[in-house]
Amino acid sequence: MEKLVVTGPTQLKGEVTISGAKNAAVALLPATLLIDGVCTIENLPHISDIEISCTILEKLGAKITWNDKHCITIDTRNITTTKAPLDLTSKFRASYYIIGSMLGRKGEIEVGMPGGCKLGARPIDQHIKGFEALGATVTVEKGKIYGKAKKLKGTSIYMDIVSVGATINVMLAAVLAKGTTTIDNAAKEPHIVDVANFLNTMGADIRGAGTDVIKINGVEKLHGNATYSVVPDQIEAGTFMLAAVATRGDLTLKNCITKHLESITAKIIEVGGNVEDYGDSIRVWCNKRPNKANIKTLPYPGFPTDLQPQMGVVLSLANGTSVINESIWESRFQYTDELNKMGAKITAQGKTAFFEGVKKLYGAPVYSTDLRAGAALVIAGTAAQGETDIYNLQHIDRGYEDIEGKFRKIGANIKRVTEE
Ligand code: EPZ
């Protein structure tokens with residue numbers, strides 16, 4: 001079994017280069033199934049979710065050439081099956097994007113229910129509602145999803161809740177549909193804009209991505225023959241910004257879009273941190289104990305749920321009692337039990353948690369319960385006194401490229417160890 005051993009405390013200092021966004025990349029790869037051609041994708045994060053996505057595409061008939069570890073050329077001219085491999089699609093959430101793409105390209109798909117972090121109920125009713133409105137028949141039976149459509153037809157779809165996955169999936173399905181599709185109450189995350197930009201580069205006609213109304217004029221065919229670079233990872237950038245505050249360090253993050261970081265920047269200033277914004281890079285530093293603050297997670301441009309655990313580490317160390325209200329996922333406070341093992345004083349009740357700030361955290365053996373919980377434990381271990389052993393690294397490796405290498409470069413005493 002592998003574990004990360006972090007010995008602290010360390011004030012993190014220096015520069016970090018932010019990778020391409022995981023949640024954009026895991027949608028761009030299945031989006032290539034809509035292309036009757038060849039395209040190149042750069043700035044892919046080197047993480048396990050991307051490796052699995054590529055294997056799934058290959059099993060469906062795509063030909064992939066790795067130009068380097070962040071760049072692939074993908075030929076999706078010859079898709080040979082509409083059955084996606086169950087064992088692989090169940091490993092992560094974004095495998096559901098194959099449904100939208102394959103309904104658009106082939107009018108047929110058979111895929112297992114998606115996996116991913118256990119954050120509470122993760123229904124896909126809004127995805128199905130969108131596909132059905134476009135004219136597909138979708139059935140869910142014995143853990144599998146079957147979709148069929150003769151030719152999808154553009155229509156107006158109102159999303160009952162703001163959903164990143166449903167917005168992207170319905171957008172994918174609508175690209176090759178006949179006529180115009182309108183998605184109302186769409187999610188506005190940077191990765192939605194990235195998927196729309198990618199598809200438009202390949203010949204799609206999508207307007208309004210990044211607002212709550214997206215209009216997709218169906219086109220006959222996507223041509224490929226273009227290179228696209230994945231947007232920088234807003235959540236990885238936010239993770240390092242919060243690591244700077246929790247460790248009272250000083251970090252400069254390169255290759256980020258600071259416009260995407262506004263809600264995080266605002267909260268960092270509220271807790272007493274400092275931020276210098278250079279547009280495509282950002283410096284964050286903190287030289288005192290953070291102040292308390294209250295947080296409510298919201299869809300973009302609100303404070304992201306995917307940075308809630310990392311912010312939880314900052315508030316565990318703050319002066320005073322803070323409250324976090326998690327409005328997206330019902331079980332995103334599992335990490336608080338792990339932080340409490342390190343001396344934090346957190347009481348979680350349903351979707352609310354109370355953080356009574358402590359002066360110090362202490363090293364302990366802890367378990368990463370999901371991807372962002374794992375990142376939070378790495379920050380906590382760096383800020384804490386003594387040795388923290390972090391287990392369940394498969395969650396962290398799904399979404400953070402070389403987390404220990406990046407933390408080591410900014411001063412953390414961190415190593416990956418294989419334990420019997
Ligand atoms: C995406 O998940 C991200 N995953 C998640 O990141 C992120 O936490 C989440 O968006 C919210 O920002 C990927 O992009 C692969 P949703 P997704 O559909 O698309 C409810 C991480 O750590 N809902 O926006 O699955 C749902 O239960 C991961 O990187 C329905 O009720 O999230 C939730 O309460 C974890 N019906 C809310 O909507 C549906 O059909 C938002 O979910 C779909 C969603």
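The values are calculated or read from the model by the stated rules, or taken from the named source; none is laboratory data. Remember, predicted model here, so these are calculated numbers, not experimental data. With ideal geometry, Cβ positions are generated from the backbone for all residues, glycine too; neighbour counts draw on all protein chains shown. Note: areas computed on protein heavy atoms with side chains; ligands, DNA, RNA excluded. Shrake-Rupley method; radii C 1.70, N 1.55, O 1.52, S 1.80 Å.
Rundown of residues vs (1) modelled with pLDDT of 95 or more; (2) closer than 26 Å to residue 298 by Cα; (3) within 21 Å of the chain's Cα centre (by Cα), yes/no style:
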| position | (1), (2), (3) |
| --- | --- |
| 212 | yes, yes, yes |
| 217 | yes, no, no |
| 250 | yes, no, no |
| 253 | yes, yes, yes |
| 270 | yes, yes, no |
| 278 | yes, yes, no |
| 282 | yes, yes, yes |
Item checked: Every residue from the stretch 119-152 that is of a type outside the set (A, V, I, L, M, F, W, C) and more than 21 Å from residue 187 (Cα to Cα) -> 135, 137, 139, 141, 142, 143, 144, 146, 147, 148, 150, 151
Margin query: Can you find a residue that is open to solvent by 50 Å² or more (accessible area, probe 1.4 Å) and in contact with a Lys or Arg (Cβ under 7 Å, 6 or more places away or on another chain) anywhere in the stretch 187-210?
Written below: yes
Note to self: Which numbered condition in (1) within 16 Å of the ligand (Cβ to nearest atom); (2) in contact (Cβ under 8 Å) with a residue 40 or more places away in the chain; (3) assigned to a strand (DSSP E or B); (4) not charged (D, E, K, R) is the only one that residue 324 fails?
What the structure shows: (2)
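Condition check ((1) of a type in the set (Asp, Glu); (2) crowded, with 22+ Cβ neighbours inside 10 Å; (3) part of a helix (DSSP H, G or I); (4) more than 16 Å from the ligand (Cβ to nearest atom)) across all residues:
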{"position": "49", "(1), (2), (3), (4)": "yes, yes, yes, no"}
{"position": "55", "(1), (2), (3), (4)": "no, no, yes, yes"}
{"position": "58", "(1), (2), (3), (4)": "yes, no, yes, yes"}
{"position": "77", "(1), (2), (3), (4)": "no, no, no, yes"}
{"position": "81", "(1), (2), (3), (4)": "no, no, no, yes"}
{"position": "102", "(1), (2), (3), (4)": "no, yes, yes, yes"}
{"position": "111", "(1), (2), (3), (4)": "no, yes, no, no"}
Next item on the list: Of the conditions (1) under 23 Å from residue 372 (Cβ atoms); (2) touching a Gly at 6+ places or on another chain (Cβ under 8 Å); (3) outside the structural domain of residue 395 (by TED's automatic domain parsing); (4) surrounded by 22 or more Cβ atoms within 10 Å (Cβ to Cβ), residue 12 clears all except one; give me its number.
Entry: (3)
Next item on the list: Quickly run through the stretch 117-134 and pick out the residues that are buried (at least 19 other Cβ atoms within 10 Å of the Cβ) and under 25 Å from residue 199 (Cα atoms).
Entry: 124, 126, 127, 128, 130, 131, 133, 134
